[in-house]
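Visitor: This structure is in structure tokens; I'll ask about it shortly.
Coordinate-derived values only; no laboratory data. Note that the structure is a prediction, hence the values are computed from the model and not measured. Here Cβ is always computed from backbone atoms with ideal geometry, including for glycine, and neighbour counts include all displayed protein chains.
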Amino acid sequence: MRIAGVEPRNLITPSGIGELAAVVRELYADAKPFAFVGGGTELELGNAPRALDTVVATTACNRVIDYAPEDQTITVEAGMTVAAVCAVLAEHHQFLAFDVPDPERTTIGGAIATNAYGGRRLRFGPIKDNIVGIAIVRPDGVIAHGGGKVVKNVAGFDIPKLMVGALGTLGAIVSATLRVHPRSESGAAVALRNLTAADVLHACAEIVNAALVPTSIVAFDDGGERYDCVVVFDGFRGGVDEQVRSMTGIAERLQFDASRPSPAELDLLKERERNARREAPWRVQFGAAPTTLAQFLTKNDMAGIGRIYYPAIGSAILTGNDMNAATIERWRRALDAGTVVVAAMPLDARGAVDAWGAPPPSWPIMRQLKTNFDPKGLCNPGRFVGGI
Amino acid sequence: MAAVSDFIAIVGERNTITEGSELRTYEADGLPGFRVRPAVVVLPETTEQVAACVRLARRLGMPIVPRGSGTGLSGGALPVEGCVVIGLSRMKAILEVDLPNLRMRVQPGVINLNISRHLAAAGYYYAPDPSSQSVCSIGGNVAENSGGAHCLKYGFTVNHAVGATIVTAEGEIVSIGAHGGEPDTLGYDLMGVFVGSEGLLGIVTEVVVRILRTPQATRTIFATFPTTDEAGAAVSSIISAGIVPAAIEMMDQLAIEAIVAATRVDWPLDVGAALLMDVDGVVAEVEHTADAAIAALRAAGAIEIRSPRDDGERTLMWKGRKGAFAAMGRISPNYYVQDGVIPRKEIVPVLRDIARLASEAGLRVANVFHAGDGNLHPLILYDGRIPGQEALAEHVGGEILKTCIRYGGSITGEHGVGFDKAAYMGDLFTEDDLATMQLVRCAFDRDVIFNPNKVFPTPRLCGDRPGVYHPHATELAEVAGRG
């Protein structure tokens, strides 16, 4: 196992949260640098740690602590996989709106630490909107909680939000209380084909205009410069049918080729969306205002680059075999108002490419946060933004 | 006083308040019973002026208490001795509307409702709708992570305020979160932790919010019940059936009485409880959801179910609900507002416990609250002219909070901890939890100059780390159960 290209000396898998805290406490006392790992589906993310002695896996902390279907919340240990949580929820016709690279492997803690998302973010919000409470093991081994078990709560600082996307640099996520959702009675999709990025954005604007409420809008490159865009609706049957009719009407008006994809085709596309996150040597995640991102995708040469495009979220994942430091640099210059994160790259590119790009203006506050949580700088040092 | 002239030099004489009845306004916020006279109040008009005031206060060693509209109910804007209150009410410009990217940039003094009013003609709105939305400011909403009736479906301020310009404790102007419509920012989610930080981490001088398209249709349903038991059961059955209404509000008999007395709404007085509910979305979905909700209400034992005849009546119904706190004046000389949260399935037993606490104390308690997310607002009625009644009301309020904690809930769902509830934080969080929050605070404000005596039960300076390690109870039990 390598963490952003660096191989640790040891891998420890504590059997429970108490043991995990004890392990971390000891590493901290011994001044041994460490990092945390869940299912290991995003080990490429971030810069190479400056030092790494031990990797602590959360995977054996994998119990359901409390499931309250009537309250639509579940509290689980962070090493549970997303698929395992979903299996528990399915018994009560509920689900977790986490789109992750590999649900069978990706853990809850890992999904939170990497701020994983996919198409359903449009309807259900980012991961941070779906967490109501958290327990962490701080770098010094102390267990601390934030938030609670109820869906509405403003007592104390929102520690759960701070842990989302922090890549375990402020400690390990060891349990979380999550907001879950009722499964829909019905679902349907409309596929719009052979669109430019501008067309895709145009379709999104019309969807907003018509006050439709899609679950997801995901566009896939068609192998060339254009996109196939899939719009999914969920809900009660009548509402879904009505939205599909409206969507087809919009497509006709815009003279876009629209069809109803078969379930098999939808499964293939979903698989493609996931594969984009795990297979290519280069993976670059873009975030920008929807209009800015559409312009970027239009103006830059996208030949030979795999694209999963979330037009209404303002996000795109670009994958390929032969990107390099100069490509990344050019894209970063072209997209000045947004983020360009290199989520995976070949080992030999690591020296030349900063995974995050220039840190934001608030970085001094972030650095201070890191220093306060991890005064010795032992927890995943150097992996995060700006060398944090 | 040298300090005053220095503040005047920054914000001008007309924006500096040092005496008289005007200063009295700033001695308290919406939490009654506590008043502290600030040394000076400044009302800056620009971000630069806010920054200069912070730097000056820092140089003078004056604590800083930020303030929005002063409608907060937990004493978050209560001054401390010798402080400067920095009020944001003069910064009320709408700076930018970006409809294609569903974003809007506003100054902190903009009144919550004015955001939606500004967007209404174009068919958009801002979702969080605290009952005080016609007077509370967006800056205050950010500080408190304000909620409101429609947060059940759409989320709270933290889900809608995505970026901000803040003035730090060093008097620096820093942008946090997403300003340009991008979905995420690099690094830690500072905006996520800033929202709801109750004025302890900085002063917000610009806010970027998400805006939403107005739904195709909204249907309002009003239902009455013999007692709060049936109404509470109806809420549980609607939520467990997977129906997601935009809002479900409950009012008990006393609350209905007060609302009817204060407004023209024609609700019956001989019922034990009422629910006011909105469902919204695409037309066919709304019809289906409304029918399913009505069936659930009926099955739970509703006496009467009706929908408003027109938009006018709908507005009136919601006005009645949102004006419920103020309406209490019709039935009681004084009242104490409580704000607690419980798991939604526990509404019925908790309301019974509250009724028992009230009757033991010989006081009346009216309940009007966000039932859909279990956010209770018991209004403890008392007569301040009778010696001891105010203290008794506060005591009942405290017991209600302990009840919420016992049922696995929280001491505040939307009003904040502020000054009022700092003492209860230790019942909800461990020392280690609170120390961890202090690590966050000290990253923003190491000298603790912002709102020094709020939220945390025991004042602690940055750099004070708790002593030797002691195992957490959950650690010993091999669970970390509270999440």
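Visitor: Between B:L461 and A:A83, what FRET efficiency follows from the Cβ-Cβ distance if R0 is 56 Å, with the result rounded to 0.05?
Guide: Taking R0 as 56 Å, the efficiency between B:L461 and A:A83 is 0.75.
Visitor: Label points 7 Å out from Cα along the Cβ direction at A:K376 and A:D267: separation in nm?
Guide: 5.1 nm
Visitor: Per q in 0.10 Å⁻¹, report the Debye log10 I(q)/I(0) for chain B, using one uniform scatterer on each alpha carbon and no solvent.
Guide: Result of the Debye calculation: -0.79.
Visitor: With n ≥ 4 as the cut-off for DSSP H runs, can you work out [θ] at 222 nm for chain B, using -39500 (n - 2.57) per run divided by the number of residues, rounded to the nearest 500?
Guide: Computed mean residue ellipticity for chain B: -10000 deg cm²/dmol.
Visitor: Work out how much length B:F34 to B:R330 would gain on full extension: take 0.36 nm times their residue separation and subtract the Cα-Cα distance, in nm to one decimal. The partial results should precede the final answer.
Guide: Values: separation 296, 0.36 × 296 = 106.56 nm, distance 2.33 nm.
Gain in length upon complete extension: 104.2 nm.
Visitor: Let me know the mean shielding of B:423-430 by other chains, meaning the per-residue number of their Cβ atoms within 10 Å of its Cβ.
Guide: On the way: counts 0, 1, 2, 0, 0, 5, 7, 4.
Mean number of neighbouring Cβ atoms from other chains: 2.
Visitor: Right, next: Using a 4.7 Å Cβ cut-off, which Cys residues in chain B lack a partner cysteine?
Guide: Unpaired cysteines in chain B: B:C53, B:C83, B:C136, B:C151, B:C404.
Visitor: Which Cα, out of A:M323, A:Y310, A:Q368, lies furthest along the positive dipole direction of chain A (beta carbon charges, K/R +1, D/E -1)?
Guide: Final value for the positive-end residue is A:Q368.
Visitor: Principal axis lengths of the stretch B:116-196 from Cα atoms, whole Å, largest first?
Guide: Cα extents, longest axis first: 37, 25, 23 Å.
Visitor: How large is log10 I(q)/I(0) at q = 0.13, 0.20, 0.22 Å⁻¹ when the Debye formula is applied to the Cα atoms of the stretch B:43-162, each weighted equally and without solvent?
Guide: Here the Debye-derived log intensity ratios amount to -0.55, -1.11, -1.26.
Visitor: What is chain A by shape, rounded, prolate or oblate, if you read a ≥ b ≥ c off the alpha carbon gyration tensor as root eigenvalues and call it rounded for a/c under 1.5, prolate for a/b larger than b/c, and oblate otherwise?
Guide: On the way: a/c = 2.10, a/b = 1.35, b/c = 1.55.
Judged from the Cα gyration tensor, chain A comes out oblate (a/c at least 1.5, b/c at or above a/b).
Visitor: Roughly what would the spin-label model give for A:D53 and A:T196, points 7 Å off Cα along C-beta, in nm?
Guide: It works out to 5.8 nm between the two label points.
Visitor: Can you give the charge dipole size of chain B about its Cα centre, rounded to the nearest 20 debye, using +1 on the beta carbon of Lys and Arg and -1 on the beta carbon of Asp and Glu?
Guide: Here the size comes out at about 600 debye.
Visitor: For the stretch B:252-302, what does the alpha-carbon gyration tensor say about shape, rounded, prolate or oblate, given a ≥ b ≥ c as the root eigenvalues, a/c under 1.5 as rounded, and a/b over b/c as prolate?
Guide: Numbers: a/c = 3.88, a/b = 1.83, b/c = 2.12.
Judged from the Cα gyration tensor, the stretch B:252-302 comes out oblate (a/c at least 1.5, b/c at or above a/b).
Visitor: Let me ask something else about it. Evaluate E = 1/(1 + (r/R0)^6) for B:A355 and B:E304, where r is the Cβ-Cβ distance and R0 equals 25 Å; express this FRET efficiency to the nearest 0.05. Intermediate results must be reported in sequence, preceding the final value.
Guide: On the way: r = 23 Å, r/R0 = 0.93.
The calculated FRET efficiency here is 0.60.
Visitor: Same structure again: For the stretch A:19-162, what value does the Rg/Rh ratio take when both radii are computed over Cα atoms and Rh is the Kirkwood radius, given to two decimals?
Guide: Checking Rg against Rh, the ratio lands at 0.97.
Visitor: How far apart, in nm, are the 7 Å Cα→Cβ label points at B:A391 and B:R14?
Guide: 4.8 nm
Visitor: For helix B:253-262, what angle does its Cα long axis make with the longest principal axis of chain B, in degrees from 0 to 90 and rounded to 10?
Guide: 70 degrees
Visitor: Can you find, among B:G109, B:V350, B:V209, the residue sitting farthest towards the positive end of the charge dipole of chain B, where Lys and Arg contribute +1 and Asp and Glu -1 at Cβ?
Guide: Result: B:G109.
Visitor: Take peptide B:27-40, look around each residue's Cβ out to 10 angstrom, count Cβ atoms belonging to other protein chains, and average those counts.
Guide: 0
Visitor: Now, a different point. What order do you get for B:D252, A:D241, A:D336 when you list them from fewest to most C-beta neighbours inside 10 Å?
Guide: A:D336, A:D241, B:D252
Visitor: Only Lys, Arg, Asp and Glu count, each charged at its Cβ (+1, +1, -1, -1), so figure out the dipole size of the protein assembly as shown about its Cα centre, rounded to 20 debye.
Guide: In debye, rounded to 20, the protein assembly as shown gives about 880.
Visitor: What's the exposure ranking of A:T54, B:T25, going from fewest to most Cβ atoms within 10 Å?
Guide: B:T25, A:T54
Visitor: Provide B:T46, A:T291 in ascending order of the number of other Cβ atoms located within 10 Å of each residue's Cβ, fewest first.
Guide: Taking fewest neighbouring Cβ atoms as first place, the list is B:T46, A:T291.
Visitor: Computed FRET efficiency, Cβ-Cβ of B:R446 and B:T25, R0 25 Å: what is it to the nearest 0.05?
Guide: 0.20
Visitor: Connecting C-alpha atoms closer than 10 Å in a GNM of chain A, tell me which of A:T215, A:T59, A:T169 has the biggest fluctuation.
Guide: With Cα springs under 10 Å in chain A, the top fluctuation among A:T215, A:T59, A:T169 is at A:T215.
Visitor: Taking every DSSP beta bridge that has both residues in the protein assembly as shown, what percent is antiparallel when rounded to the nearest 5?
Guide: 90 percent
Visitor: Students often check this: by mean Cβ neighbours within 10 Å, which of A:340-350, B:416-426 ranks highest, and how do the rest follow?
Guide: So the order, starting with the most tightly packed, is B:416-426, A:340-350.
Visitor: Given charges of +1 on the Cβ of Lys and Arg and -1 on the Cβ of Asp and Glu, with all other atoms neutral, how large is the dipole of chain A about its Cα centre, in debye to the nearest 20? Show your work: numbers first, answer last.
Guide: Numbers: 39 positive and 42 negative charges, 172 e Å.
That gives a dipole near 820 debye.
Visitor: Follow-up question, since we're still on this one. Can you give me the Rg/Rh ratio for the protein assembly as shown, using Cα atoms for both radii and the Kirkwood formula for Rh?
Guide: That ratio is 0.95, to two decimals.
Visitor: Another one. Once the piece of chain linking A:E19 and A:A90 is laid out straight, how much longer is it, given 0.36 nm per residue of separation minus the C-alpha distance between them?
Guide: Values: separation 71, 0.36 × 71 = 25.56 nm, distance 3.06 nm.
Residue separation times 0.36 nm, minus the Cα-Cα distance, leaves 22.5 nm.
Visitor: In addition: So what's the gap between the Cα centers of the stretch A:328-388 and the stretch B:114-141, to the nearest angstrom?
Guide: First find each Cα centre; the distance between them is then 36 Å.
Visitor: Here's another thing I want to ask about it. Which residue, A:N10, A:I108, A:T169, has the largest displacement toward the positive end of the dipole of chain A when charges sit on each Cβ (Lys, Arg +1; Asp, Glu -1)?
Guide: Of the options given, the answer is A:T169.
Visitor: Once you sort the root eigenvalues of the Cα gyration tensor of the stretch A:209-321 as a ≥ b ≥ c, which label holds: rounded (a/c under 1.5), prolate (a/b larger than b/c) or oblate (the other case)?
Guide: Here the stretch A:209-321 falls in the prolate category.
Visitor: Let me ask something additional. Relative to the present Cα-Cα distance, how much length would full extension add between A:D322 and A:E70 at 0.36 nm per residue of separation?
Guide: Answer, rounded to one decimal: 85.7 nm.
Visitor: Across peptide A:160-171, what mean number of C-beta atoms from other chains lies inside 10 Å of a residue's C-beta?
Guide: On the way: counts 4, 10, 8, 4, 4, 7, 3, 2, 0, 2, 4, 1.
The per-residue average across the peptide is 4.
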